[in-house]
1. The conditions are (1) in contact with a Pro (Cβ under 7 Å, 6 or more places away or on another chain); (2) on the phi < 0 side of the Ramachandran plot; (3) not hydrophobic (A, V, I, L, M, F, W, C), and residue 366 fails exactly one of them. Which is it?
2. When residue 44 is evaluated against the numbered criteria (1) in the same structural domain as residue 139 (by TED's automatic domain parsing); (2) touching an Asp or Glu at 6+ places or on another chain (Cβ under 9 Å); (3) surrounded by 14 or more Cβ atoms within 10 Å (Cβ to Cβ), which criterion, by number, is the only one it fails?
3. So residue 434 passes all but one of these: (1) over 27 Å from residue 397 (Cβ atoms); (2) at pLDDT 95 or above; (3) among the hydrophobic types (A, V, I, L, M, F, W, C). Which condition number does it fail?
4. What is the residue count in region 414-434 for residues that are more than 10 Å from the ligand (Cβ to nearest atom) and touching a residue at least 40 places away in the same chain (Cβ under 8 Å)?
5. Across region 215-248, what is the number of residues that are within 11 Å of the ligand (Cβ to nearest atom) and in a helix (DSSP H, G or I)?
6. Quick one: in region 339-365, which of the residues that are farther than 16 Å from residue 536 by Cα and of a type in the set (A, V, I, L, M) is surrounded by the fewest Cβ atoms within 10 Å (Cβ to Cβ)?
7. Among the residues of region 142-159, which ones are in contact (Cβ under 8 Å) with a residue 60 or more places away in the chain and not aromatic (Phe, Trp, Tyr)?
8. Pick from region 216-245 the residues that are in contact with a helix residue (DSSP H, G or I) (Cβ under 6 Å, 6 or more places away or on another chain) and polar (S, T, N, Q): which of them is surrounded by the fewest Cβ atoms within 10 Å (Cβ to Cβ)?
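The values are calculated or read from the model by the stated rules, or taken from the named source; none is laboratory data. Bear in mind the structure is a predicted one, so any value in this text is a computation, not a measurement. Cβ placement follows ideal geometry from the backbone for every residue including glycine, while neighbour counts extend to all protein chains displayed.
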Amino acid sequence: MKFKFSSFEVDDGMLHSAAVITAATFSCLMSGFVLQNIWRKYIVRQRIKRRREESKLSIQKMGDYLMQHGLSVDKRNIILDMPMAELQRKLQNGSLKALDVLRAYQSKAIEVTKDLNCVVEPIWEAEEQAIACDFMTGKKSPLHGIPVSLKENYHVQGYDSTGGMAKFIDCPQPDDNVIVKTLKEQGAIPFMRTNLPQTMMVYESSNPIYGETRNPHDPKRGPGGSSSGEGCLIGAGGSVLGFGTDIGGSLRIPAHMCGVCCLKPTVGRISTEGTHEVHKGATLVPGATGPLSRDVDGLVLAMKSLLVSHMFELDRSVPPIPFRPEIYEDHRPLRIGYFHDIGYMPSVPACERGVREVREILEKNGHTLIEFKVPRVDKALELFAQCVFGDGCKTFTDALKYDVVDPSFKLTYFLIHQAPEWLKRVAGFFYRTVGHDPIPKKVLVAAAGIKSVSKWWGVVEDLQAYRKKFEMEMRANKLDAIISPGFAYAAIPLGKAFLTVGAVAYTNLYNVINYPAGSLPVTKVTEEDEKLLENYPTKTLYAKNIKKLSKGSVGLPINVQFVAPPYQEELVLRLMKEVETSIKLGERHS
Ligand SMILES: CCCCCCCC/C=C\CCCCCCCC(=O)NCC(=O)O
């Protein structure tokens with residue numbers, strides 16, 4: 001048979017050859033594509049393996065070095081037992097050497113990371129800085145000789161900030177970030193870099209490069225995240241002061257689960273320049289940077305040392321508001337709002353008791369406590385998802401292209417970031433009907449992306465309206481501050497955060513409204529709390545999971561959050577210090 005195409009003729013044979021050539025080209029392209037993907041994944045796995053080995057080797061080398069140059073156990077333990085104020089005083093008056101303090105903390109950090117995997121690598125330059133501190137004459141800076149640990153996503157010159165993602169391996173940072181520069185200028189010695197979960201947008205603690213961090217109080221449980229390594233290292237006694245980031249609770253969740261203090265400042269109060277966040281462009285609900293410490297004095301010292309002209313000069317977007325001692329030291333009685341239940345899932349009995357006990361302390365100290373009802377928590381969660389995942393999670397999926405996805409992140413990644421909109425709607429339907437919970441659908445649909453600029457502007461208006469509503473509720477009750485549970489529950493078994501993720505409402509509320517929030521350890525789960533857990537209401541799927549996963553948590557730490565309007569960090573710290581002092585006094589008398 002012959003076909004005639006205008007000026008030339010095509011016979012059967014030619015058609016056959018064309019089909020063969022097309023099929024061959026297509027299969028070549030397909031196999032090329034598949035092979036390229038296999039090759040890319042292979043390269044990524046090799047890169048991950050090499051980096052993990054480098055990290056392990058560096059930790060081991062530091063351990064070997066300390067075997068020869070370390071302190072005696074007694075001397076080390078005396079240093080490690082000192083609260084921040086005593087440590088600082090002794091470094092200032094010269095009765096402690098910076099090098100000894102560094103060696104004490106290096107050896108404790110290396111010791112605890114063997115079981116808990118909280119350190120990703122030591123900062124080798126620390127030793128040189130400690131020696132320089134000890135040779136220094138003249139007036140000492142406030143953080144003189146204090147070792148500080150840093151979450152891995154803090155840019156440190158010469159080190160990668162991977163955020164647990166292979167794509168960012170072998171990208172050493174050209175410079176320290178603003179906080180690290182200011183800390184060094186104030187005499188601090190950055191000495192360890194700590195672990196985080198892949199992408200940091202989950203409150204788990206694992207990534208394919210550095211592995212999984214465990215809880216210092218129960219290694220079968222998670223330390224919370226994403227400042228997982230910081231919470232764990234400080235909770236285990238291997239650091240006295242550390243720094244992390246927080247867009248939905250990443251400082252406060254690990255602080256609560258590991259029993260340490262932290263402060264998430266108002267975004268803008270201290271610099272956020274030079275930290276690795278996957279979606280830096282999502283500025284409506286941006287990430288905050290902040291300190292974690294063993295005690296409130298550590299947080300106060302950190303804030304006083306950062307709020308100085310050096311930082312204001314390095315990052316001119318930060319308003320030059322120095323630390324205001326007149327607010328921190330004020331004794332005026334305050335009106336403080338409190339709640340145990342955010343209006344989504346209740347907090348477990350131990351967390352509720354934590355708030356109750358803090359309330360009693362504050363009342364005894366002369367403050368007025370008033371029950372506060374959080375306005376529309378469903379709206380706050382929806383806004384969070386719209387502002388953080390409004391690009392349909394493209395930034396996240398791009399960052400993880402060809403990467404190995406960590407098992408602890410797979411479900412979150414698939415459902416929130418990768419699934420097409422129709423599947424998110426189906427999952428939302430499941431949560432609503434089987435889980436008796438309409439909120440996940442709103443969140444999942446928001447994570448499918450905002451479809452136009454005018455819709456985006458609508459979200460901005462909604463966010464402004466929600467913030468105003470919250471402010472007006474506080475004003476109506478004449479509230480100066482709020483106290484609320486540190487989180488909905490104590491640490492749960494590793495890898496299970498996705499099953500309870502709605503609980504993030506307890507922390508991300510304060511990111512949505514951009515209020516400073518501190519977290520303070522106030523109690524531990526008791527046998528009585530465990531008994532009361534039997535009556536925990538399980539209306540939704542998340543609540544059912546919380547009840548199940550909270551079993552066996554006796555002895556785990558419980559924190560309370562302290563919150564004040566924007567730029568009132570000093571007020572938050574004042575209340576935290578007041579409660580910390582009362583608890584310590586109570587312990588001494590009992
Ligand atoms: C499957 C649907 C769940 C719906 C209800 C929950 C809504 C929560 C939405 C997303 C979960 C994101 C968890 C965020 C954890 C925050 C970690 C963080 O602060 N990261 C930032 C950082 O480390 O800097």
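1. Here residue 366 clears every test but (2).
2. Of (1) in the same structural domain as residue 139 (by TED's automatic domain parsing); (2) touching an Asp or Glu at 6+ places or on another chain (Cβ under 9 Å); (3) surrounded by 14 or more Cβ atoms within 10 Å (Cβ to Cβ), only one is false for residue 44: (1).
3. It is condition (2) that residue 434 fails.
4. 1
5. Within region 215-248, residues that are within 11 Å of the ligand (Cβ to nearest atom) and in a helix (DSSP H, G or I) number 2.
6. 361
7. Residues of region 142-159 in contact (Cβ under 8 Å) with a residue 60 or more places away in the chain: 142-143, 146-155.
Listed by number, the residues that qualify are 142, 143, 146, 147, 148, 149, 150, 151, 152, 153, 155.
8. It comes out as 239.
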